[in-house]
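A short write-up of the structure that comes next.
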Amino acid sequence: MRVAVVGAGNFGLKHLRALSSLPGVEPVAVPTRPSRLAALERAGIAALPSLAAAARGARPCVIATRTGRHVADGLRAVGLGLHALVEKPLGVDAPSARRLAEAGRRRRRKVFVGCTLRFEPSLLRFRSLLPRLGRLHSVSAECRSYLPDWRRSRPYGGTYSARAAEGGVLRDLIHEIDYAGWLFGWPRAVSGRVLNLGRLGIASDELAELHWLAPKGFPVSVHVDYLTRPTRRGILACGEHGTLEWDALAQTVTLLPGGGKPRVWRDRAPADERLKRQAKAFLRATAGGARGTLATAEDGVRALAICDAARRSSSSGRSERVRLR
């Protein structure tokens, strides 16, 4: 099976490696810069100059370009009759992402979002243990990291993360919003503070705090930032029978029952294993099988709609409705 991968930067190469590890799969790179073709071929990576050329022998396609191109590249793929797995976020905002989701429905092409944490074994363990808490009364999720440490080979000020139109911590760390909605239910309204504190000298948002009520009535809070060292990432869920904590860095889940001893589960897996599992699920879904935990285009629109509502709330000072239409 040939799978086209649009974009041959850092994420594109990761997808190419993950796909290459699957039996019977032949990935082909479609770089956004024609000058990359020769370098890819010297590295032993099959490459073609255009998606139209790759589409002649492919049905599935991965979009791994910069955020500002996701919708346009996804629309091109769907227009060529390809199913698409689009790197997160699906677009720069919900209205643009909705165009891609609707195009997929019209053309009967499947569109998914690359939210790889849904394939993290320790997070899946956390999900399976949640019922032990009984009724939940609060959830907090966080991803605190330091942008200059992300890509040490490149000045962070020149990356898309630093640009207000397509970067910012809400888009870059939309994983937290996606898994909060996936695990606890999608909200109807959001309160938020989205801030640029001037610490990094970038135009995009550096820190965001979001709050909402889950469909079952308990509060959910999400904190993401580009400013914190050392990195922290995880979830704390509190319920009537105790607490459950996911530590994404240690890949552990800790259950603290109300009246018993703590239990700890460790499910170690390298990051590239998540990509492989996601790739398998994507190819299975495009062949007519179950999608498993893949994030759908509709999930991608929901997550971006939450981000949009948080930005409006930060400006208005009041809770804002999550606009899906």
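The values are calculated or read from the model by the stated rules, or taken from the named source; none is laboratory data. Owing to the predicted nature of the structure, the values given are computational and were not obtained by experimental measurement. Cβ: placed from backbone, ideal geometry, glycine included. Neighbour counts: every protein chain shown. Note: accessible area is taken over every heavy atom of the protein model, side chains too, but ligands, DNA and RNA are not part of it. Shrake-Rupley method; radii C 1.70, N 1.55, O 1.52, S 1.80 Å.
For the reader, a short list of remarks on this structure follows.
- Region 280-289, residues that are open to solvent by less than 70 Å² (accessible area, probe 1.4 Å) and under 20 Å from the mean Cα position of the chain (by Cα): ALA281, PHE282, LEU283, ALA285, THR286
- Test for VAL62: is it outside any strand (DSSP E or B), modelled with pLDDT of 95 or more, among the aliphatic types (A, V, I, L, M) and touching a Leu at 6+ places or on another chain (Cβ under 9 Å): no
- Taken over region 217-233, residues that are open to solvent by 10 Å² or more (accessible area, probe 1.4 Å) and either assigned to a strand (DSSP E or B) or among the β-branched types (Val, Ile, Thr) (or both) amount to 10.
- Members of region 119-145 found to be part of a strand (DSSP E or B) and touching a helix residue (DSSP H, G or I) at 6+ places or on another chain (Cβ under 8 Å), listed by number: LEU136, VAL139, ALA141, GLU142, CYS143
- Among the conditions (1) of a type outside the set (Asp, Glu); (2) over 16 Å from TYR156 (Cα atoms); (3) part of a strand (DSSP E or B); (4) open to solvent by less than 40 Å² (accessible area, probe 1.4 Å), the only one that HIS211 does not satisfy is (4).
- Every pair of residues 6+ apart whose Cβ atoms lie under 6 Å, when the first sits in region 305-325 and is of a type in the set (A, V, I, L, M) while the second is surrounded by 13 or more Cβ atoms within 10 Å (Cβ to Cβ) and part of a helix (DSSP H, G or I): ALA305/ALA94; ILE306/ILE177; VAL322/ALA305; VAL322/ILE306; VAL322/ALA309; LEU324/ALA305
- Of the criteria (1) of a type outside the set (D, E, K, R); (2) open to solvent by 10 Å² or more (accessible area, probe 1.4 Å); (3) in contact (Cβ under 8 Å) with a residue 12 or more places away in the chain, which one ASN196 fails: (3)
- Of all residues in region 74-88, those that are charged (D, E, K, R) and closer than 14 Å to GLY114 by Cβ total 2.
- Qualifying residue in region 315-324 (condition: among the polar types (S, T, N, Q), modelled with pLDDT of 95 or more, assigned to a helix (DSSP H, G or I) and open to solvent by 60 Å² or more (accessible area, probe 1.4 Å)): yes
- If you filter region 29-46 down to residues that are basic (Lys, Arg) and loosely packed, with under 13 Cβ neighbours inside 10 Å, you find that the one that is farthest from ASP172 (Cα to Cα) is ARG42.
- Residue in region 158-173 that is in a helix (DSSP H, G or I), of a type in the set (Ser, Thr, Tyr), surrounded by fewer than 20 Cβ atoms within 10 Å (Cβ to Cβ) and touching an Asp or Glu at 6+ places or on another chain (Cβ under 9 Å) present: yes
- Only one of ALA77, ALA54, ALA8, ALA4 that is aliphatic (A, V, I, L, M), touching a strand residue (DSSP E or B) at 6+ places or on another chain (Cβ under 7 Å) and part of a strand (DSSP E or B): ALA4
- With respect to the conditions (1) within 30 Å of GLY134 (Cα to Cα); (2) surrounded by fewer than 19 Cβ atoms within 10 Å (Cβ to Cβ); (3) not aromatic (Phe, Trp, Tyr), CYS307 lacks only one, and its number is (2).
- Applying a threshold of 7 Å to beta carbon distances and a minimum spacing of six or more residues, or different chains, the list of pairs starting in region 283-294 at a residue that is under 18 Å from HIS15 (Cβ atoms) and touching a residue at least 24 places away in the same chain (Cβ under 8 Å) and ending at one that is of a type in the set (D, E, K, R) and open to solvent by 20 Å² or more (accessible area, probe 1.4 Å) reads ALA285/LYS110; ALA285/ARG291; THR286/ARG59; THR286/LYS110.
- Hits in region 47-61 - residues which are among the small types (Gly, Ala, Ser), open to solvent by 40 Å² or more (accessible area, probe 1.4 Å) and closer than 16 Å to ALA8 by Cα: SER50
So that you can scan it fast, the table gives a plain yes or no per residue for (1) at pLDDT 95 or above; (2) among the aromatic types (Phe, Trp, Tyr); (3) on the phi > 0 side of the Ramachandran plot:
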position: ARG151; (1), (2), (3): no, no, no
position: ARG171; (1), (2), (3): yes, no, no
position: GLU176; (1), (2), (3): yes, no, no
position: TRP182; (1), (2), (3): yes, yes, no
position: GLY185; (1), (2), (3): yes, no, yes
position: ALA189; (1), (2), (3): yes, no, no
position: ASN196; (1), (2), (3): yes, no, no
position: GLY201; (1), (2), (3): yes, no, yes
position: ALA208; (1), (2), (3): yes, no, no
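- The residues in region 244-279 that are surrounded by 17 or more Cβ atoms within 10 Å (Cβ to Cβ) and either closer than 25 Å to VAL86 by Cα or among the β-branched types (Val, Ile, Thr) (or both) can be counted, and the count is 10.
- Qualifying residue in region 177-193 (condition: closer than 16 Å to ARG311 by Cβ, assigned to a loop (DSSP other than H, G, I, E, B) and open to solvent by 40 Å² or more (accessible area, probe 1.4 Å)): no
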